[in-house]
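Contents: one structure, followed by commentary.
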Amino acid sequence: MKKMPRLSFWQIWNLSFGFLGVQFGFALQNANASRILTSLGADPHNLSFFWLVAPIMGLVVQPVVGAASDKTWTRIGRRTPYILFGAIISMVAMFFMPNAPLVFKAGTAAALAFGVIMLALMDGSFNVTFQPFRALVADMTPEEQRNVGYSVQSFLINFGAVIGSALPFILTAIGVSNEGETGEVAPSVIWSFYIGGTLLLISVLVTVLKTKEYPPEEYEAYKNITEEDKQKKESFWELLKTAPKVMRQLSIVQLFSWFPFFLLWVYSTTAISQHYFGVPLDFNATENTDTILRKAFDEAGNWVGICFAMYSLVAAIYSILLPKLIALTSRKTIYSFSLLLGGLSFISIFFFTNQYYILISMVGIGMAWAAILSMPYAILSGVLPPKRIGVYMGLFNLTVVIPQILSGVIGGPILRSFFGNQGIYILILAGIIMVLGAFSVAFVKQDKEQEA
């Protein structure tokens with residue numbers, strides 16, 4: 001097998017630079033989609049059902065894109081055509097989603113339906129870019145640089161998320177209105193989506209223009225892909241049945257990792273507005289015309305963005321430290337520790353008496369998020385067959401979206417039936433589940449040479 005050359009730091013940086021912009025958009029979605037949908041008329045207690053469109057799009061899109069990108073060879077590369085196409089569609093959807101009341105009358109079911117459709121289109125196109133970015137690092141880096149490659153990717157993801165999450169707060173601070181009319185979205189959020197969509201496309205163009213993927217013959221030589229490998233055809237079901245054992249073991253950890261984060265994204269605005277800003281349990285943004293309550297709800301929405309920016313900032317910094325921490329211990333040790341701290345931090349949000357203290361909780365949550373974004377892929381990439389790494393990465397995304405779908409289906413009923421519509425208890429549940437995830441890491445078995 002031909003030895004794959006080591007990449008310079010800046011080559012590794014450029015591989016994932018576009019992910020900075022994609023995550024900028026994804027962070028805006030995570031921090032503001034519930035706020036936007038509530039502003040458009042969604043019942044806060046049914047938000048998880050609206051959010052289901054996002055993981056369902058991932059369930060459909062990522063395996064298909066993974067399989068297709070494995071077989072795609074163009075003048076601009078193998079993975080980059082999908083990354084570029086996804087970025088363009090994402091930008092368009094980001095421009096339209098918060099402007100649903102301009103397309104249909106504010107406060108109507110049509111405006112809400114349009115917002116949900118744009119959410120689906122936006123998340124679907126994000127997913128078109130996610131899988132190729134994951135596979136690109138595995139395609140281009142030798143095994144000894146894999147930890148660094150995914151750590152740099154995690155850093156860029158989280159740095160983009162810092163800016164994206166905080167942007168409505170920043171725009172409000174410089175004078176952009178943070179108060180929307182009844183049935184409309186606040187201008188600070190609308191302009192954040194304009195800026196986010198533009199930066200998304202610009203950053204993706206850096207990766208597309210600065211990364212030269214290996215041509216087919218050279219890639220096959222580096223990955224020891226034989227003619228027999230190329231001729232072999234397997235269905236998604238056959239691939240799942242023959243997937244490496246580590247992939248199945250990681251799926252349990254993924255369940256206990258992504259289920260809690262989906263609850264965080266969906267219910268943070270509800271939980272924090274109720275627990276810290278005095279918004280009542282039955283608040284509806286299109287029916288309640290109390291300007292004081294509406295102002296409190298929008299302030300809570302901005303504060304959620306700051307909290308998300310905080311956990312993303314911590315995740316970005318922690319991502320830099322991960323390779324060194326792994327070298328001192330092991331991937332599994334750091335993975336488990338990070339999830340444990342994240343779970344306890346989720347639970348701690350309940351006990352604070354001031355919203356500013358939530359930032360302390362975000363430190364542990366950020367460390368867990370950094371580990372979730374890098375550790376499974378670093379572990380998995382070393383055991384996947386190179387010829388099918390794209391489709392396997394796409395199939396592995398099932399372990400990301402299925403927990404979110406499950407969370408979306410049962411989150412709303414749990415909130416209503418067990419927690420009396422008090423969102424803060426959903427975050428406690430999320431923490432308990434993540435602690436279970438920390439313990440489940442012990443069941444992931446690696447070869448000794450893959451542990452470091």
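The values are calculated or read from the model by the stated rules, or taken from the named source; none is laboratory data. Quick caveat: nothing in here was measured; it's all calculated off a predicted structure. With ideal geometry, Cβ positions are generated from the backbone for all residues, glycine too; neighbour counts draw on all protein chains shown. These accessible areas exclude ligands, DNA and RNA; they are computed on the full protein's heavy atoms, side chains included. Shrake-Rupley method; radii C 1.70, N 1.55, O 1.52, S 1.80 Å.
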Within the range 208-231, of all residues that are open to solvent by 70 Å² or more (accessible area, probe 1.4 Å) and not in a helix (DSSP H, G or I), the one modelled with the lowest pLDDT is N224
Inside the range 179-207, can you point out the residues that are open to solvent by 20 Å² or more (accessible area, probe 1.4 Å) and either modelled with pLDDT of 90 or more or closer than 27 Å to Y311 by Cα (or both)?
-> E179, P187, I190, W191, Y194, I195, T198, L199, L201, I202, L205, V206
Which condition does V279 not pass, out of (1) in contact with a Phe, Trp or Tyr (Cβ under 7 Å, 6 or more places away or on another chain); (2) in contact (Cβ under 8 Å) with a residue 40 or more places away in the chain, if it passes all the others?
-> (2)
For the range 169-178, does any single residue satisfy the condition of being of a type in the set (A, V, I, L, M), in contact with a helix residue (DSSP H, G or I) (Cβ under 8 Å, 6 or more places away or on another chain), open to solvent by 30 Å² or more (accessible area, probe 1.4 Å) and within 30 Å of A316 (Cβ to Cβ)?
-> yes
Mind telling me which of the residues L415, L436, L427, L380 ends up being in contact (Cβ under 8 Å) with a residue 60 or more places away in the chain, surrounded by 16 or more Cβ atoms within 10 Å (Cβ to Cβ) and closer than 30 Å to E144 by Cα?
-> L380
Evaluate the range 282-296: report whether one residue or more is assigned to a helix (DSSP H, G or I), under 17 Å from V185 (Cα atoms), at pLDDT 85 or above and β-branched (V, I, T).
-> no
Assuming G183 fulfils every condition listed in (1) on the phi < 0 side of the Ramachandran plot; (2) not in a helix (DSSP H, G or I) apart from one, which condition is it?
-> (1)
Taking T38 as meeting all but one of (1) under 22 Å from V279 (Cα atoms); (2) open to solvent by 10 Å² or more (accessible area, probe 1.4 Å), write down the number of the exception.
-> (2)
Residue identified as surrounded by fewer than 24 Cβ atoms within 10 Å (Cβ to Cβ) and either closer than 25 Å to S8 by Cβ or not hydroxyl-bearing (S, T, Y) (or both) among V148, V152 | V148
Members of the range 64-123 that are open to solvent by less than 40 Å² (accessible area, probe 1.4 Å), under 22 Å from S16 (Cα atoms) and over 18 Å from the mean Cα position of the chain (by Cα) = A67, A68, S69, D70, T72, G77, R78, R79, T80, P81
Identify, from the list F126, F133, the residue that is modelled with pLDDT of 85 or more, under 20 Å from Y194 (Cβ atoms), assigned to a helix (DSSP H, G or I) and of a type in the set (F, W, Y).
-> F126
Unique residue being modelled with pLDDT under 90 and either buried (at least 21 other Cβ atoms within 10 Å of the Cβ) or assigned to a helix (DSSP H, G or I) (or both) when the list is V279, V314, V253 | V279
Specify the residue that is nearest to L341 (Cα to Cα); the eligible residues are those in the range 393-450 that are among the polar types (S, T, N, Q) and in a helix (DSSP H, G or I).
-> S440
Where I360 falls short, out of the listed (1) more than 21 Å from the chain's Cα centre (by Cα); (2) open to solvent by less than 20 Å² (accessible area, probe 1.4 Å); (3) closer than 24 Å to A316 by Cα = (2)
Can we say A54 is touching a residue at least 12 places away in the same chain (Cβ under 8 Å) and either surrounded by 24 or more Cβ atoms within 10 Å (Cβ to Cβ) or more than 28 Å from S268 (Cα to Cα) (or both)?
-> yes
What about A300, is it among the small types (G, A, S), crowded, with 23+ Cβ neighbours inside 10 Å and within 23 Å of the chain's Cα centre (by Cα)?
-> yes
Of G342, G305, G301, which residue is over 30 Å from A111 (Cα atoms), small (G, A, S) and in contact with a helix residue (DSSP H, G or I) (Cβ under 8 Å, 6 or more places away or on another chain)?
-> G342
Does V246 qualify as being more than 30 Å from T353 (Cα to Cα), open to solvent by less than 40 Å² (accessible area, probe 1.4 Å) and within 20 Å of the chain's Cα centre (by Cα)?
-> no
